[in-house]
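Have a look at the structure below before the remarks.
The values are calculated or read from the model by the stated rules, or taken from the named source; none is laboratory data. All values reported here derive from a predicted model rather than from experimental measurement. Cβ sites come from the backbone with ideal geometry, for glycine too, and all protein chains shown count toward neighbours.
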Amino acid sequence: MTQSVDQPVAARKPRSRLLRGVYFVLGMICLGFVYISVLPGIPTFDFVILAAFFFSMSSDRLHGWLVNHPVFGKMIKGYRSGGLTVRTKWVAVVGILASLSFSAFVLTSNTALRIVLAAVGAVGVWFVLSRPTRTEPVV
């Protein structure tokens, strides 16, 4: 059974009101981070995708608003429609390497922490580069 990209799989909302509330709060936190992510080194894309996931599990109204938002909706639809563009991948990789390099060489002198940061960076770069590459922009 295949499914169209335009109609993503509907998330199964938890029956527990408490769990839906937790997802809602996590979505609001991610949405708050989206608005402060204009600062260098803080990714916007990650928080938008996470907020969309959390709202899909808790609030149809906020999920619909986020998916149809003029700016954030393009990110979500682009990700759901087949992956990331080459430009997006390059920006993500450069951002990961720049922020982790700054942290490793300027903010800490602990060798073990530098190794952990290098491992986290390697996993982050691998994850970004392993996503499908979309050749045409989504409109």
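Quick notes on this one:
- Residue 116 vs. criteria touching a helix residue (DSSP H, G or I) at 6+ places or on another chain (Cβ under 7 Å) and surrounded by 11 or more Cβ atoms within 10 Å (Cβ to Cβ): no
- Any hit, region 57-76, residues being within 30 Å of residue 19 (Cβ to Cβ), under 12 Å from the mean Cα position of the chain (by Cα) and part of a loop (DSSP other than H, G, I, E, B): no
- From the options 104, 51, residue that is surrounded by 18 or more Cβ atoms within 10 Å (Cβ to Cβ), assigned by TED's automatic domain parsing to the domain that holds residue 22 and without any contact (Cβ under 8 Å) to a residue 60 or more places away in the chain: 51
- Pick from region 107-135, criterion in contact (Cβ under 8 Å) with a residue 12 or more places away in the chain and in a loop (DSSP other than H, G, I, E, B), ranking: nearest to the chain's Cα centre (by Cα): 131
- Evaluated against (1) among the β-branched types (Val, Ile, Thr); (2) modelled with pLDDT under 80; (3) assigned by TED's automatic domain parsing to the domain that holds residue 127, residue 96 falls short on exactly one condition, (2).
- Residues of region 69-86 satisfying the condition of being hydroxyl-bearing (Ser, Thr, Tyr) and buried (at least 19 other Cβ atoms within 10 Å of the Cβ): 79
- For region 100-113, the tally of residues that are in contact with a helix residue (DSSP H, G or I) (Cβ under 9 Å, 6 or more places away or on another chain) and either under 30 Å from residue 82 (Cα atoms) or small (Gly, Ala, Ser) (or both) stands at 4.
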